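The values are calculated or read from the model by the stated rules, or taken from the named source; none is laboratory data. Because the structure is predicted, anything quoted here is derived from the model rather than measured. Using ideal geometry, Cβ is built from the backbone for each residue, glycine included, and neighbour counts are taken over all protein chains shown. For the accessible areas, the whole protein counts, side chains as well, though only heavy atoms, and no ligand, DNA or RNA atoms are used. Shrake-Rupley method; radii C 1.70, N 1.55, O 1.52, S 1.80 Å.
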Amino acid sequence: MSQIQTQYIPVEGVDSEHCAMIIEKGLDSVKGLEAHSIELNNHRVALDTDDADVVRDSVRKIRELGYEVPVINKRFPISGMTCASCSASVETILKYHPGVMDVSVNLADHTASIRYIPGTTSPQRMNEAIQVAGYELIHEDRESTEEALEERKKNRLRKLRSQTYGSIGLSIPLVIIGMFFPEIPYSGWIMLGLSTPILAFFGRNFFINAWKQARHGTSNMDTLVALSTGIAWTFSVFNLLFPRVWTSRGLEAHVYFEAAGVIIAFILLGKLLEENAKSRTSGAIKKLMGLQPDEVVLISPDGTEKSVPLGQVQVGDLIRIKPGERIPVDGVISQGESFVDESSITGEPIPVSKKVGDQVTSGTINQKGSFRFRAEKVGSDTVLARIIEMVKQAQGSKAPVQRLVDRIASIFVPAVLAIAILSFFVWIIFGGENAVTHAFLALVTVLVIACPCALGLATPTAIMVGVGRGAENGILIKDAESLEQAHKMTTLILDKTGTLTEGKPSVTDEIWKEGSPNESYRSVLLALERSSEHPLGMAIADHLESHYVKPVDVVSFNSITGSGVEAVYNGITFRAGNLKWLSRLGIVPMASLVEKAAIHAQEGKSFIYLAVGNEIVATFGLADRIKETTPLAIQKIRSLGVRVIMMTGDDPLVAASVARELGIEEFHGGVMPEDKAKKAIDLRKKGEVVGMVGDGINDSHALAEAEVSIAMGKGSDIAIDVAKMTIISSDLQKIPQAIELSRETVRTIRQNLFWAFVYNIIGIPIAAGVLYPAFGFMLNPMIAGAAMAMSSVSVVSNSLRLRWRKL
């Protein structure tokens, strides 16, 4: 049985949560579809299926509902076909490949015409499918699906721009005549001529989409716009053709061509402004994708170099990188050394030294040196690609508050239609002399002003910008729920090793016997420890090398497991190891060294002793050093009102020392992984909103139990997979930034929802005419159209303010 996979289908025209709900309900009827969800911000539908027929049925259903699924129709050369059976095999394989809508293979010219959905499949994936049968689909990766989708988006924006400008151009004379010169000869016919192209050409999509919705018994914003402008235009044409129906009753035959035209113009203008603003909300994704170079220089086995598109790089390829170039894929340096700017990925501004054997990451920038490296991860497996996909998924996820908005949006448009009809009949019955005019105005204005777009955009736009801001600051957020939950956090559980500390031992104390020739002994000690495989020995070697100590040549090297190392230099035996081993050999240190070491041992430090012959001349204290940024980070977290608890499997003495240095009041040492998880569960039962920060496999259980789980980016893959947030740089100062980002995002969501609700609560009654009895005021449909358009723009603009908030 094949494993169910998630297929992502791009969808156009889904501009609000109400639209998303229409698609969700429609897909419920597709047989064989395991599960589905709409990612409004990413403009795509996620389908859980591995059946190509189910994907095709889903696409048909989406199109029947009035929304468009972009399809690329392209011809590809196919190699390896020799007969009709071959072409039939290729056609059958591709026909049942998820994402392929239609395929026709031509044996005569060895090509295949394929209609496929970008995002669901790609030329690379289709090639992999037929390669199993011995054929090859030849494609150019430069024409990627992302580029195709981006081009379609640009075309849509250009079309929307021309529609907007065209409608505004015709609306200006329309308003001038309707408002200031209604008495000129043939004014009605001139206005009919100006307004008809606006509705029939520039605004035709409103009517087309409304009809598609009506055919399936649903409605959306297009329904409101089409009904309001269509009724206004039709009523005006009737009055223009049959004015005597009203004049014979002593009433004036009003025309509302200018209202119908201007409403379309204002709404198109609002959509244009909204699209421009929304394109800026996805700036984080564009920046991340901009970190990938288009071309890569490959080195062939014979040493020749050639430039190839990024998509053609394979695992194992040798790549040359010059100073200033971006690293295209993940790999390991095989020749040369340099400094690499990793700030785009980790957020750390200081370039990192890289030499042979070191890892390099896609999207980072080589600075001074030139080097060659071997590709280890390419395509979607690279760190940068995973970050991009994680940000996309997070931006497409729904926050818990969105559930309330979804329920409201599902009944909003039908409720507005009911209010509009009710307003019409109330005015007809109780409107007096101008009953018909006011009834008509109320009907049209209510339909125009009540747009669910502002309500639907309130949450997703803020989430999209918030997740993007996090990515730009080295904070990867997996879903909207964790971003929303972080602002409620009351208690934060922190692991010690690798989270508060550097996660590896380093030398903290170097104590020498008076009169010892330190420099010559240091060189011998470096030679000893550089040959050792023990972490403490390697830490001492790194420490000595950082002080520019050079090793000497030693002989008779010997490593005693669990005790230390020894070797001979100039006929003298040098030993480095623990005190217990040296004591067994009859080598006893001076009392002053032991006393100093004992004082530092209370801080949980380990000690390595250096013996020259039968005399101990030095001792080195080692500990897992606290990161430089940790104290300030703890201070900031506590200033945000969050209680900090440290839990570690390390020795309680070490835990006490670290907690004391950081001012952490509650700490637990020597705990098991399940103890951390139990602590999180107990705190949650007491009503606490628990956050957990860790970096190891042993932290994964606790991360899963916490409501806000945060992994340090240089930790284990399991911890990163479990956690809902990842701090790429392992800098703990990103934690208070994440909390601040959550608070700012939630504050923005609440502002957006408040104004969206207030706008409708106030606007709809005014549009219905509640102010007329007391103040004689009826809202003009044109003003209602402008207000409706600007409500969506204001919500998106308010969300965009997050981009410039200081964290």
*Tell me, what HN-Hα J-couplings in whole Hz come from the Karplus equation 6.51 cos²θ - 1.76 cosθ + 1.60 at θ = phi - 60° for each residue of region 54-59, using x for Gly and Pro?*
5, 4, 5, 5, 5, 4
*At a probe size of 1.4 Å, how large is the accessible area of residue 790, to the nearest 10 Å²?*
90
_Once you place label points 7 Å from the Cα toward the Cβ at residue 127 and residue 556, how far apart are they in nm?_
6.3
*Give a residue-ordered list of calculated ³J(HN,Hα) values for region 201-207 (Karplus: 6.51 cos²θ - 1.76 cosθ + 1.60, θ = phi - 60°; whole Hz; x for Gly, Pro).*
10, 5, x, 5, 4, 4, 6
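On average, how much accessible surface per residue is there in region 549-686, in Å², for a 1.4 Å probe, leaving out ligands, DNA and RNA? It would help to have the intermediate numbers written out before the result.
Numbers: 7210 Å² over 138 residues.
For region 549-686, the per-residue accessible area is 52 Å².
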*asked:* How much length would be gained if the chain were fully extended between residue 638 and residue 770, taking 0.36 nm per residue of separation minus their Cα-Cα distance, in nm to one decimal?
replied: 42.4 nm
*Sparse-neighbourhood loop sites, trypsin sites (Lys or Arg not before Pro) in region 7-49 - DSSP loop, at most 11 other Cβ within 10 angstrom*: 31
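Run the accessible area of region 456-597 with a 1.4 Å probe and give the carbon-and-sulfur part as a rounded percent. Could you put the intermediate results ahead of the total?
Details: 3100 of 6110 Å².
Reported share for carbon and sulfur atoms: 51 percent.
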_Rounded tilt (10° steps) of 257-281 against the dominant C-alpha axis of the chain_ = 10
*Pick out, from 443, 352, 312, the residue whose Cα sits farthest towards the positive end of the charge dipole of the chain, with +1 on the Cβ of Lys and Arg and -1 on the Cβ of Asp and Glu.*
443
_Lys/Arg +1, Asp/Glu -1 at C-beta; the chain dipole; positive extreme among 689, 460, 384_ = 460
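From the gyration tensor of the Cα coordinates in region 720-807, what semi-axes in whole Å does the equivalent ellipsoid have, largest first, with each one equal to sqrt(5λ)? Display every interim value, and only then the final one.
Details: eigenvalues 366, 27, 21 Å².
They are 43, 12, 10 Å, listed largest first.
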*Does region 1-77 classify as rounded, prolate or oblate by the C-alpha gyration tensor (a ≥ b ≥ c root eigenvalues; a/c under 1.5 gives rounded; else a/b over b/c gives prolate, otherwise oblate)?*
oblate
*Go through region 459-552 and name the GluC sites (Glu not before Pro) that are in a DSSP coil and have 11 or fewer other Cβ atoms within 10 Å of their Cβ.*
514, 533
*At a temperature of 25 °C and a viscosity of 0.890 mPa s, determine how fast region 559-684 diffuses translationally according to Stokes-Einstein, using the Kirkwood radius over alpha-carbon pairs as Rh; express D in µm²/s, rounded to the nearest whole number.*
141
*Collect residues whose amide H, placed 1.01 Å from N in the peptide plane, falls under 5 Å from the amide H of residue 68; neighbours closer than 5 in sequence don't count.*
12
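Which values, in whole Å and largest first, are the semi-axes of the equivalent ellipsoid of the chain obtained as the square root of 5 times each eigenvalue of the Cα gyration tensor?
Here the semi-axes work out to 66, 34, 21 Å.
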*Which far-off residues, 5 or more places away or on another chain, put their amide H under 5 Å from the one on residue 627, with H placed in the peptide plane?*
501, 502
*Which angle from 0 to 90°, rounded to the nearest 10, does the C-alpha axis of helix 535-546 make with the longest principal axis of the chain?*
90
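Would you kindly state the longest site-free stretch of the chain, with sites defined as chymotrypsin sites (Phe, Trp or Tyr not before Pro) in a DSSP loop (not H, G, I, E, B) surrounded by at most 13 other Cβ atoms within 10 Å?
Numbers: sites that count: 96, 186, 548, 777.
Here the longest segment lacking exposed loop sites spans 187-547.
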_Vicinal HN-Hα couplings computed from phi for region 610-624 (Karplus, 6.51 cos²θ - 1.76 cosθ + 1.60; Hz; Gly/Pro x)_ = 10, 10, 10, x, 10, 10, 7, 10, 7, 9, 10, x, 10, 7, 7
